[in-house]
Amino acid sequence: MRCFLIILLTSFLMSCSSSDDTIEYQAIPKDLEIPQLFSNLLLPPTIPSDNPQTIEGVTLGRKLFYEPLLSGDGTQACANCHLSENSFTDSDRFSTGITGAIGTRNAMPLYNMAWNFEENFLWDGGAKSLEEQVSDPIENVIEMNNTWPNVVATLQSTSIYPELFTQAFGSSTITKELVTKAIAQFERTIISGNSRFDQYLLGDQNTVTVSEIRGFNIFMDEERGDCFHCHGSNSNPIWTDNIFHNNGLDSSFADLGLGGITGDPLDNGKFKSPSLRNLAFTAPYMHDGRFETLDEVINHYSEGLVYSETIDPLMKNIAEGGAQLTEVDKADLKAFLLSLSDPGFTINPDFQNPN
Amino acid sequence: MKKHILIIVIIIGLVSCSSDDGNQPIPDILISVTNSQNWDSENVTASDLGTTEFTDENGEILIIERLRYLISKVILTNSYGDEIEIGNYKLVDLTDNNTLNYATNIVVPPGTYTGISFVYGFNEEDNMDQVYLDLNTASWNWPEMLGGGYHFMQLDGTFTSPTNQSPLPFNYHNGTARISEGVFEQNFIRVNVDGLSIDSNTNIDIKMNLAEWFKNPKTWDLNVLNTGLMGNYDAQREMNENGQSVFSVYLGD
């Protein structure tokens with residue numbers, strides 16, 4: 001019996017040799033450019049096994065990100081609401097779609113998304129991968145208001161895109177899946193990790209001010225700011241936990257946030273903690289853009305907390321309305337938060353419009 | 001060439017098995033670990049978060065919103081005094097089944113062991129600032145101003161009491177105790193359980209009785225000690241004292 005098994009196994013292994021002749025198209029792999037601080041402190045970024053980063057895929061994804069043909073009337077690209085100068089959000093409270101309709105949430109800034117390890121994207125976690133996240137705005141009637149069959153047909157009819165898809169994926173046949181994969185590849189390259197505070201954490205003591213250091217200490221002090229439980233720290237320089245919290249904005253919810261996705265009332269009013277990087281470029285703030293300035297944000301956590309049943313226990317000073325920061329503390333905290341901004345990121349030529 | 005080598009290796013492996021016929025050794029046991037939680041006699045699971053009311057020793061009614069804690073250095077000791085490390089560390093999250101039940105790659109011979117030990121939190125040697133990338137990524141760090149390293153536990157929720165019917169938050173966070181500026185005290189707990197018989201039992205269940213954090217030996221008064229406890233030396237030490245009776249270990253299949 002054992003001899004028979006050996007012969008069978010040997011025959012099977014020998015028979016595999018014919019498959020060696022088949023050559024599958026492979027674009028050129030392209031590693032993400034990981035900031036030193038990230039590689040020092042964090043797990044490697046998340047790259048889905050079925051959508052590896054490639055030079056051709058990123059090139060195509062970048063072109064598509066800036067491509068207005070993705071919208072129903074050919075007037076809006078992803079980049080219309082996700083501008084590089086605004087850290088890939090825009091300066092409006094709510095963005096305006098191709099029909100003039102206005103959204104209900106503030107456009108999220110885009111960066112460091114490969115470090116969202118739970119892969120819950122959007123303010124409410126409605127997209128479970130970056131590829132899935134790409135899909136929604138294109139079909140959303142108050143955003144790009146297109147259909148995927150139309151997107152695919154439009155791109156397929158151009159003279160340039162079939163060739164670019166061939167280079168990226170080995171097929172000139174354009175599909176929704178390949179469009180979302182390409183854009184997701186580009187979005188994963190949008191990495192921000194070179195603020196003055198990053199440089200300070202890497203050892204350059206001259207990049208930050210005394211006020212900014214005081215602000216960082218307030219951020220890390222449970223008795224004052226206590227920001228670090230939800231917004232990262234010097235040990236987690238993504239500056240978000242990528243988790244959903246009710247941060248005491250409202251006593252009742254017109255927008256259920258995470259609860260609208262899960263259907264669980266205990267999730268009502270919970271929204272993802274945004275990263276605190278690049279706040280200098282991303283106003284207005286909060287999921288609904290209600291705060292026009294960083295001062296308003298700090299005042300909210302200091303004196304403006306509102307109770308509701310799902311408020312996070314980390315909003316611990318709710319009985320007093322907030323952390324009751326002094327004016328000096330507020331100024332220092334604001335200075336620190338702004339030191340997390342990275343002007344070079346917003347003008348990085350690798351992220352600009354290639355069209 | 002590689003294929004031929006592979007074939008030869010497989011053949012040798014198959015042929016070499018014949019010498020074991022009729023003389024099967026007693027198989028070693030693959031160890032798995034469960035981290036379970038209870039409030040005295042009641043099991044606590046993720047479905048209790050935000051809903052189930054628990055009454056503490058002092059009479060407050062708690063609702064737990066979040067529970068994460070760190071277990072490290074799980075070690076089996078056999079009768080010869082040899083130590084077998086079952087796991088380096090695990091950040092347990094009540095909402096993450098992968099941290100509540102998991103298989104290890106550790107196999108041990110069946111038999112009687114003199115004991116099992118583990119550390120709640122990190123001991124001083126292991127509690128190094130920023131060195132564990134997965135814990136950094138999980139925002140599990142303990143602020144440098146409080147001694148650095150990592151949280152040992154994050155137990156968040158709300159409570160009401162006979163004198164206060166409006167829910168108030170509590171953040172029962174435990175880690176290194178800060179005595180004064182720049183002066184810190186280790187605050188981990190080493191748990192030892194003696195005399196374990198591992199035969200058909202393959203699962204080590206490390207149980208945390210949450211009620212004990214609030215009652216033994218100190219009856220915890222959440223009206224006084226609810227938030228802002230990380231930098232409160234006395235509170236941190238009292239957590240450590242109450243934590244001594246929190247854990248127990250059971251073996252099962």
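Helix B:233-243 against the longest principal axis of chain B: what's the angle in degrees, Cα atoms only, rounded to the nearest 10? Around 50 degrees separate the two axes. Remark: the Cα gyration tensor places the stretch A:208-251 in the oblate category, a/c being 1.5 or greater and a/b not exceeding b/c. When the protein assembly as shown is described by a simple charge dipole with +1 on each Lys and Arg Cβ and -1 on each Asp and Glu Cβ, the residue from B:172, A:81, B:127 located farthest towards its positive end is A:81. Ordering B:128, B:145 by the number of other Cβ atoms within 10 Å of each residue's own Cβ, fewest first, gives B:128, B:145.
Shown for B:74, B:193: other C-beta atoms within 10 Å of each C-beta, ranked fewest to most, produce the order B:193, B:74.
3J(HN,Hα) couplings calculated from phi for the stretch B:86-94 with the Karplus curve 6.51 cos²θ - 1.76 cosθ + 1.60 (θ = phi - 60°) are, in sequence order, 7, x, 6, 7, 8, 8, 8, 10, 4 Hz; Gly and Pro show x.
Holding the Cα-Cα limit at 32 Å, pick out from A:272/B:73; A:181/A:272; A:316/B:207; A:128/A:316; A:270/B:218 the pairs that are longer than that. Present the calculation step by step, with values, prior to reporting the outcome.
Details: A:272/B:73 34 Å; A:181/A:272 23 Å; A:316/B:207 29 Å; A:128/A:316 30 Å; A:270/B:218 35 Å.
Check vs 32 Å cut-off fails for A:272/B:73; A:270/B:218.
When only the Cβ of Lys, Arg, Asp and Glu is charged (+1, +1, -1, -1), the dipole of chain A relative to its Cα centre reaches about 580 debye. Sort the protein assembly as shown into rounded, prolate or oblate with this rule: let a ≥ b ≥ c be the square roots of the eigenvalues of the Cα gyration tensor; rounded if a/c is under 1.5, and if a/c is not under 1.5, prolate when a/b is larger than b/c, oblate otherwise. Oblate is the answer for the protein assembly as shown, as a/c is 1.5 or above yet b/c matches or exceeds a/b. Positive end of the dipole of the protein assembly as shown (Cβ unit charges, origin at the Cα centre): among A:355, A:243, B:251, the Cα lying farthest that way belongs to A:355. Here the protein assembly as shown is assigned +1 on the Cβ of each Lys and Arg and -1 on the Cβ of each Asp and Glu. Its dipole about the Cα centre then comes out at about 1180 debye. In chain B, once you exclude exposed GluC sites (Glu not before Pro) (DSSP loop, at most 10 other Cβ within 10 angstrom), what's the longest stretch remaining? Counting at most 10 other Cβ atoms within 10 Å as exposed, the longest clean stretch of chain B is B:1-124. For the stretch B:118-166 versus the stretch A:73-129, the spacing of their alpha-carbon centroids is 34 Å.
Only Cα pairs under 8 Å and 6+ residues apart enter the sum, and on that basis the relative contact order of the stretch A:172-324 stands at 18 percent.
Could you tell me which residue out of A:103, A:225, A:194 lies farthest along the dipole of the protein assembly as shown toward its positive end? Charges go on the beta carbon: Lys and Arg +1, Asp and Glu -1, centred on the Cα centre. Sorting the options by dipole projection puts first A:194. Comparing Cα centroids, the stretch B:185-252 and the stretch A:185-233 end up 34 angstrom apart. For chain A, the longest principal axis of the C-alpha atoms and the axis of helix A:130-139 are separated by about 80°. The calculated FRET efficiency for the pair residue B:194 and residue B:38, based on their C-beta separation and a Förster distance of 30 Å, comes to about 0.85. In terms of its alpha-carbon gyration tensor, chain B comes out prolate; a/c meets the 1.5 threshold, and the first ratio a/b outweighs b/c.
Each Lys and Arg Cβ is given +1 and each Asp and Glu Cβ -1; about its Cα centre, the stretch A:196-343 then shows a dipole of about 280 debye.
As a rough footprinting exposure proxy, the listed residues A:286, A:108, B:230 were ranked by other beta carbons within 10 Å of their own, and the order from fewest upward is A:286, A:108, B:230. For residue A:250, neighbours were defined as the other residues whose beta-carbon sits under 11 Å from its Cβ, and their charges (Lys and Arg +1, Asp and Glu -1) total -1. Summing charges over neighbours of residue A:314, with a neighbour being any other residue whose Cβ is under 10 Å away from its Cβ, gives -3 when K and R count +1 and D and E count -1.
Values in this text are rule-based calculations from the coordinates and carry no lab data. Everything quoted here is computed from the prediction, not taken from an experiment. In this analysis, Cβ positions are derived from the backbone assuming ideal geometry, glycine residues included, and neighbour counts consider all displayed protein chains.
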